[in-house]
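Student: Take a look at this one; I'll ask things after.
The values are calculated or read from the model by the stated rules, or taken from the named source; none is laboratory data. All figures in this text were calculated on a predicted structure; none of them were measured in a lab. Positions of Cβ are backbone-derived with ideal geometry, glycine not excepted, and every protein chain shown enters the neighbour counts.
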Amino acid sequence: MEPITLKSDVLVIGGGIAGTYAAIKAAENGAGVVQVDKGRVGKSGCSAFAAGVMFVYIPGEDDLDDWFAAEVRHRGYLVQQDRLQSYFQRIYDIFREMECFGVRFLRTPDGRLERDKGRGRFPLIKFPGLQLMEVMAKTAAARGVRQVNRVMVTDLLVHDRKVAGAMGFEVRTGQLHIFEARATVLATGSTQYKGLSPGHRDCTGDGYAMAYRAGAVLSGADANDIAYNAFPARYDIGPGMNMFVGQGGRLVNSRGERFMPKYHPLAERAPLNTLAQAMALEAMQDHAPIYMDMTHFTPQQVAEMKVVLPLVMEMYEKAGIISRDKFVKPIEWMITAPYGRAGLRTGKDQETSLEGLYACGEAAAMQSFASGLPACAASGAAAGTAAAQFASHHPGDIPVDQTRLKDLQHFALAPLHRKTGPEPDHLILSLLETLVPCDVLVIRHRERLKMALAAVEDLKDTCAPYLAAYDPHYLKTVHESLNMLFTAECQLRSALFREESRMAMREDFPFTDNDNWLQWINVQAENGRMALTKEKVPIEDYKLRPERGKMLHRTWETAQKLGLVTIRDGTLTWNAGLTQRQ
Ligand SMILES: Cc1cc2nc3c(=O)[nH]c(=O)nc-3n(C[C@H](O)[C@H](O)[C@H](O)COP(=O)(O)OP(=O)(O)OC[C@H]3O[C@@H](n4cnc5c(N)ncnc54)[C@H](O)[C@@H]3O)c2cc1C
């Protein structure tokens with residue numbers, strides 16, 4: 001089959017909120033836009049399955065300085081503060097624009113936004129599930145965006161560090177597609193390694209791997225300020241944590257004790273990384289399994305949650321966990337697989353280190369502040385606008401390196417031509433077994449990170465090159481597993497590189513080190529190997545600066561107070577009675 005070639009001013013890869021916003025804005029700025037998704041625009045990725053809530057700063061109601069400071073602190077001062085500032089300036093308008101597109105948010109009878117408690121101190125707004133991305137996808141189509149579904153992009157077309165589009169294959173027929181474009185927006189999301197909890201399994205770090213191969217700089221894979229979520233352990237049901245904890249859901253351990261108040265003043269409404277750390281420490285005290293108890297919710301609360309989380313609540317009902325608008329039993333709860341976020345380093349217009357390539361949403365590095373629906377939307381809007389402008393300044397032929405294109409086609413289809421070989425599921429399960437144990441990435445230690453990295457290296461040598469695909473659908477899974485393997489390597493190497501506890505906890509470096517580690521960790525391909533470098537956070541240019549020096553990480557401080565660890569002269573030892581970690 002001859003490849004299908006599609007030409008456009010702007011190519012958007014990814015059909016989540018970031019990609020769809022980018023497509024809308026690029027089209028509004030006069031560009032001819034092609035948007036490609038390996039699932040269906042608006043129906044796959046995290047955005048489509050998100051939990052019906054958003055944190056939106058509302059001018060006149062909220063205190064901007066308070067929100068800003070909380071966000072900077074929460075992200076360990078590793079956020080690009082100028083970007084965060086501009087995000088807060090734009091986000092209310094973006095939310096209003098979404099309403100104009102037709103997205104429904106919950107409002108009180110007198111027209112005010114319904115705001116409720118969620119995770120953290122700030123109120124959230126709510127939207128009835130599913131319709132958000134349906135409206136966004138329709139809005140893009142109405143602006144003339146050509147949406148190409150079920151094509152998995154495998155590589156970027158790059159020549160002399162200039163990106164000229166991408167290529168991929170149709171996941172049911174294997175038909176090759178070549179997308180030639182003057183500007184390309186990468187909006188492929190992040191990954192949770194296809195772990196438990198629904199909604200994210202099309203997100204497999206594809207953008208990170210293809211950008212790395214194209215020579216882009218990735219960044220922030222170590223930090224993971226949103227390191228984990230937490231979901232039912234025995235049911236593939238979710239999401240909804242913000243609503244559950246906001247409504248008063250309690251995490252209890254195997255002894256029936258509610259433990260979160262010991263770890264954080266906001267208890268269950270603590271940030272996700274603190275929740276994961278506390279759950280890990282409870283498990284180490286042999287206090288697992290852990291349960292989410294919502295049996296005290298009133299029927300009215302349950303009925304309201306059905307509006308925001310229709311699919312999730314239906315699944316709970318089918319599983320017999322909700323009956324007659326009451327949760328009838330506590331649900332065993334656990335930390336999900338880790339978020340792998342090895343995003344592209346971006347500047348103020350979401351431009352990357354490669355000419356003509358923009359990244360937004362969770363495809364961009366963590367420090368650019370693109371996590372959660374509103375921030376992903378805002379970064380998508382910026383990327384789409386900038387990409388359209390770039391395209392308009394670069395008319396004429398799109399330079400495609402035909403020799404490299406042939407190599408990329410060969411790489412894309414090679415697993416289909418192998419008659420035998422391991423299945424990608426084997427690699428994915430091995431990866432999950434390596435990454436999920438909480439003493440790998442939640443409570444980190446050099447030796448355990450090295451062991452996990454060795455397991456990843458082993459999979460790279462003994463499994464990855466031989467993966468075989470029976471059909472184009474399996475071919476998709478092969479590429480996904482390879483991309484997750486890449487992301488895992490990036491994440492583990494970056495975690496090893498950061499020798500301090502900041503958002504994540506290092507057992508061998510329990511202090512936050514503001515003298516030496518106000519640094520981003522960048523990753524780039526260099527002579528066939530993964531090179532890691534530090535980039536100083538320009539903290540002196542920023543509005544908020546942390547105290548200099550070293551201070552004990554908050555959760556380690558709590559662990560010490562609880563008598564779980566002793567920290568003396570910078571060295572941490574576990575006290576007797578805990579599960580041995582090394
Ligand atoms: C379970 C869950 C619940 C959440 N709930 C909320 C919430 O209630 N509120 C909130 O603010 N945030 C929530 N978040 C976070 C939020 O959903 C994400 O930050 C946001 O949706 C990310 O948007 P995105 O566009 O960057 O990526 P995604 O929405 O993940 O979209 C990425 C898209 O790229 C496509 N893609 C990937 N690789 C390729 C490829 N190789 N070729 C072609 N297409 C590709 C995927 O199919 C997907 O459609 C939640 C996250 C999860 C996982």
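Student: Out of ASP458, ASP515, ASP425, I need the residue that is within 30 Å of ASP569 (Cβ to Cβ) and of a type in the set (D, E, K, R). Which one?
Tutor: Values: ASP458 fails: within 30 Å of ASP569 (Cβ to Cβ); ASP425 fails: within 30 Å of ASP569 (Cβ to Cβ).
Step by step, each of ASP458, ASP515, ASP425 is checked, and only ASP515 is within 30 Å of ASP569 (Cβ to Cβ) and of a type in the set (D, E, K, R).
Student: Tell me yes or no: at least one residue of segment 461-471 is buried (at least 17 other Cβ atoms within 10 Å of the Cβ) and within 16 Å of the ligand (Cβ to nearest atom).
Tutor: yes
Student: To continue, here is another question. Take the residues of segment 1-15 that are assigned to a strand (DSSP E or B) and within 21 Å of the chain's Cα centre (by Cα): which is farthest from the ligand (Cβ to nearest atom)? Let's see the steps before the verdict.
Tutor: Here is the first cut: in segment 1-15, the residues assigned to a strand (DSSP E or B) are 4-13.
Filter again for within 21 Å of the chain's Cα centre (by Cα), leaving 12-13.
Numbers: VAL12: 10, ILE13: 5 Å.
The selected residue is VAL12.
Student: Go through the residues of segment 167-188 one by one and say whether even a single one is closer than 29 Å to ALA270 by Cα and out of contact with any Phe, Trp or Tyr (no Cβ under 6 Å at 6 or more places or on another chain).
Tutor: Yes: segment 167-188 contains one or more residues that are closer than 29 Å to ALA270 by Cα and out of contact with any Phe, Trp or Tyr (no Cβ under 6 Å at 6 or more places or on another chain).
Student: Determine, yes or no, whether ARG493 is modelled with pLDDT of 95 or more, of a type in the set (D, E, K, R) and more than 30 Å from TYR466 (Cα to Cα). Steps first, please.
Tutor: Values: modelled with pLDDT of 95 or more: yes; of a type in the set (D, E, K, R): yes; more than 30 Å from TYR466 (Cα to Cα): no.
Here the answer is no, as ARG493 does not meet what is asked.
Student: Right, next: Residue pairs, Cβ under 6 Å, 6 or more apart or interchain, first in segment 196-218 and closer than 11 Å to LEU482 by Cβ, second within 6 Å of the ligand (Cβ to nearest atom). List them.
Tutor: Correct list of pairs: ASP206/THR188.
Student: Okay, next question. Please list, ordered by first then second residue, the pairs with beta carbon atoms under 9 Å, 6 or more apart or interchain, first in segment 110-135 and over 24 Å from GLY42 (Cα atoms) and outside any loop (DSSP other than H, G, I, E, B), second of a type in the set (Lys, Arg) and away from the ligand (no atom under 13 Å from the Cβ).
Tutor: Filtered contacts from segment 110-135: LEU113/ARG107.
Student: Starting from segment 1-25, take each residue that is free of Cβ contacts under 8 Å to residues at least 12 places away in the same chain and list its partners that are hydroxyl-bearing (Ser, Thr, Tyr) and away from the ligand (no atom under 15 Å from the Cβ), counting only C-beta distances under 9 angstrom and pairs at least six apart or across chains.
Tutor: Pairs found: none.
Student: To continue, here is another question. Filter segment 336-393 down to the residues that are within 12 Å of the ligand (Cβ to nearest atom) and charged (D, E, K, R), then identify the one that is modelled with the lowest pLDDT.
Tutor: Per the stated criteria, the residue is ARG341.
Student: Report whether or not LEU64 is crowded, with 21+ Cβ neighbours inside 10 Å and more than 14 Å from the ligand (Cβ to nearest atom).
Tutor: On the way: crowded, with 21+ Cβ neighbours inside 10 Å: no; more than 14 Å from the ligand (Cβ to nearest atom): yes.
The answer is no for LEU64.
Student: Shifting gears a bit: For residues in segment 136-156 being in a loop (DSSP other than H, G, I, E, B) and either charged (D, E, K, R) or away from the ligand (no atom under 13 Å from the Cβ) (or both), which is farthest from PHE68 (Cα to Cα)? Steps first, answer last, please.
Tutor: Our first condition is that a residue be in a loop (DSSP other than H, G, I, E, B); within segment 136-156, this holds for 143-145, 149-150.
Okay, now just the ones that are also either charged (D, E, K, R) or away from the ligand (no atom under 13 Å from the Cβ) (or both), so 143-145, 150.
On the way: ARG143: 34, GLY144: 37, VAL145: 35, ARG150: 39 Å.
Residue satisfying both the conditions and the ranking: ARG150.
Student: Next question. Confirm whether LYS38 is closer than 29 Å to LEU413 by Cβ and assigned to a loop (DSSP other than H, G, I, E, B). Can you show your working first?
Tutor: Values: closer than 29 Å to LEU413 by Cβ: yes; assigned to a loop (DSSP other than H, G, I, E, B): yes.
Here the answer is yes, as LYS38 does meet what is asked.
Student: Which of the residues belonging to segment 257-274 are modelled with pLDDT of 95 or more and either in contact with a strand residue (DSSP E or B) (Cβ under 9 Å, 6 or more places away or on another chain) or among the aromatic types (Phe, Trp, Tyr) (or both)?
Tutor: Listed by number, the residues that qualify are ARG258, PHE259, MET260, TYR263, ALA267, GLU268.
Student: Do any strands (runs of 3 or more DSSP E) entirely within segment 176-273 hold 3 or more residues that are over 24 Å from the mean Cα position of the chain (by Cα) and within 16 Å of the ligand (Cβ to nearest atom), and if so, which? If you could, list the steps in order and put the result at the bottom.
Tutor: Values: elements: 176-186, 230-232, 250-252.
Counting at least 3 such residues, we get 176-186.
Student: Here's another thing I want to ask about it. Quick one: GLU71 ticks every box in (1) buried (at least 19 other Cβ atoms within 10 Å of the Cβ); (2) within 13 Å of the ligand (Cβ to nearest atom) except a single one, so which number is it?
Tutor: The one condition GLU71 does not meet is (2).
Student: I've got another one for you. Could you go through segment 425-441 and let me know if any residue there is assigned to a helix (DSSP H, G or I), without any contact (Cβ under 8 Å) to a residue 12 or more places away in the chain, over 30 Å from ALA288 (Cβ atoms) and outside the structural domain of GLU180 (by TED's automatic domain parsing).
Tutor: For segment 425-441, residues assigned to a helix (DSSP H, G or I), without any contact (Cβ under 8 Å) to a residue 12 or more places away in the chain, over 30 Å from ALA288 (Cβ atoms) and outside the structural domain of GLU180 (by TED's automatic domain parsing): absent.
Student: Still on this structure, I have one more. Name the residues in segment 66-91 that are of a type outside the set (Gly, Ala, Ser) and outside any helix (DSSP H, G or I), would you? It would help to see each step written out before you state the result.
Tutor: Within segment 66-91, the subset of a type outside the set (Gly, Ala, Ser) is 66-68, 71-75, 77-85, 87-91.
If the condition is that a residue be of a type outside the set (Gly, Ala, Ser) and outside any helix (DSSP H, G or I), then ARG75, TYR77, LEU78, VAL79, GLN80 are the ones that fit.
Student: While we're on this one: Among the candidates ARG83, ARG115, single out the residue that is out of contact with any Ser or Thr (no Cβ under 6 Å at 6 or more places or on another chain) and more than 12 Å from the ligand (Cβ to nearest atom).
Tutor: Numbers: ARG83 fails: out of contact with any Ser or Thr (no Cβ under 6 Å at 6 or more places or on another chain).
Selected residue: ARG115, the only one of ARG83, ARG115 that is out of contact with any Ser or Thr (no Cβ under 6 Å at 6 or more places or on another chain) and more than 12 Å from the ligand (Cβ to nearest atom).
Student: Sticking with this one: Tell me which of these ALA31 doesn't satisfy, since it passes every other one: (1) more than 14 Å from the ligand (Cβ to nearest atom); (2) more than 9 Å from GLY384 (Cβ to Cβ).
Tutor: Every listed condition holds for ALA31 apart from (2).
Student: Tell me yes or no: at least one residue of segment 412-425 is in contact with a strand residue (DSSP E or B) (Cβ under 6 Å, 6 or more places away or on another chain) and within 27 Å of VAL33 (Cα to Cα). Write out each step before concluding.
Tutor: Let us first name the residues in segment 412-425 that are in contact with a strand residue (DSSP E or B) (Cβ under 6 Å, 6 or more places away or on another chain), namely 412.
Those still in the list that are within 27 Å of VAL33 (Cα to Cα) too: 412.
Among the residues of segment 412-425, at least one is in contact with a strand residue (DSSP E or B) (Cβ under 6 Å, 6 or more places away or on another chain) and within 27 Å of VAL33 (Cα to Cα), which makes the answer yes.
Student: Can you find a residue that is farther than 24 Å from MET241 by Cα, surrounded by fewer than 24 Cβ atoms within 10 Å (Cβ to Cβ) and away from the ligand (no atom under 14 Å from the Cβ) anywhere in segment 34-53?
Tutor: So far as segment 34-53 goes, no, none of its residues is farther than 24 Å from MET241 by Cα, surrounded by fewer than 24 Cβ atoms within 10 Å (Cβ to Cβ) and away from the ligand (no atom under 14 Å from the Cβ).
Student: Checking GLU99 against (1) assigned to a helix (DSSP H, G or I); (2) charged (D, E, K, R); (3) within 16 Å of the ligand (Cβ to nearest atom); (4) under 20 Å from the mean Cα position of the chain (by Cα): exactly one of these is not met. Which one?
Tutor: If we test GLU99 against (1) assigned to a helix (DSSP H, G or I); (2) charged (D, E, K, R); (3) within 16 Å of the ligand (Cβ to nearest atom); (4) under 20 Å from the mean Cα position of the chain (by Cα), just (4) comes out false.
Student: Check whether at least one residue in segment 528-535 is surrounded by 11 or more Cβ atoms within 10 Å (Cβ to Cβ), of a type in the set (Gly, Ala, Ser) and either under 30 Å from the mean Cα position of the chain (by Cα) or over 17 Å from HIS445 (Cβ atoms) (or both), and report yes or no. Don't jump to the end; show me each part of the working.
Tutor: Taking segment 528-535 first, the residues surrounded by 11 or more Cβ atoms within 10 Å (Cβ to Cβ) are 530-535.
With the extra rule that they be of a type in the set (Gly, Ala, Ser), the set shrinks to 531.
Narrowing further to those that are either under 30 Å from the mean Cα position of the chain (by Cα) or over 17 Å from HIS445 (Cβ atoms) (or both): 531.
Taking every residue of segment 528-535 in turn, at least one turns out to be surrounded by 11 or more Cβ atoms within 10 Å (Cβ to Cβ), of a type in the set (Gly, Ala, Ser) and either under 30 Å from the mean Cα position of the chain (by Cα) or over 17 Å from HIS445 (Cβ atoms) (or both).
Student: If you check every pair at least six apart or on different chains, which have Cβ atoms under 8 Å apart with a residue in segment 393-406 that is in the same structural domain as ASN29 (by TED's automatic domain parsing) first and a residue that is of a type in the set (Asp, Glu) second?
Tutor: Cβ pairs passing all conditions: ILE398/GLU180; VAL400/GLU180.
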